[in-house]
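A quick write-up on the structure given underneath.
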Amino acid sequence: MMMSTTPPEPPGPPRDLRAHRRRTERWLAIGFVVILLLIGGGAIAWAYGYGGLAGGLVCILPILGLAGLLWLLLTWAGRWASGD
């Protein structure tokens, strides 16, 4: 049996996984909102016209506000619990 004689790769720079998770979650949330508004708003405008789009936005925007408030509350609670 022949063993590899190449030396092992040196370890890369340390990775901040928490920062990566925060960045990924932020981009996922932004992408969700953009898709919801563009695709959902476009479908509403196509099916019901601009009056329907205005009514849809009246419903969607407060729900997004509540979701953002819940996200802020949970973020604050997580940081408070971990002592950051």
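Brief remarks follow.
- Residue within segment 63-79 that is of a type in the set (D, E, K, R), part of a helix (DSSP H, G or I) and either at pLDDT 90 or above or within 25 Å of the chain's Cα centre (by Cα) (or both) present: yes
- Residue satisfying condition, being surrounded by 10 or more Cβ atoms within 10 Å (Cβ to Cβ), in contact with a Gly (Cβ under 9 Å, 6 or more places away or on another chain), in contact (Cβ under 8 Å) with a residue 40 or more places away in the chain and in a helix (DSSP H, G or I), within set Ala45, Ala29: Ala29
- Test: residue in segment 5-13 that is charged (D, E, K, R) and surrounded by 10 or more Cβ atoms within 10 Å (Cβ to Cβ): no
The values are calculated or read from the model by the stated rules, or taken from the named source; none is laboratory data. The shown structure was predicted, so the numbers you read here are calculated from the model rather than taken from an experiment. Positions of Cβ are backbone-derived with ideal geometry, glycine not excepted, and every protein chain shown enters the neighbour counts.
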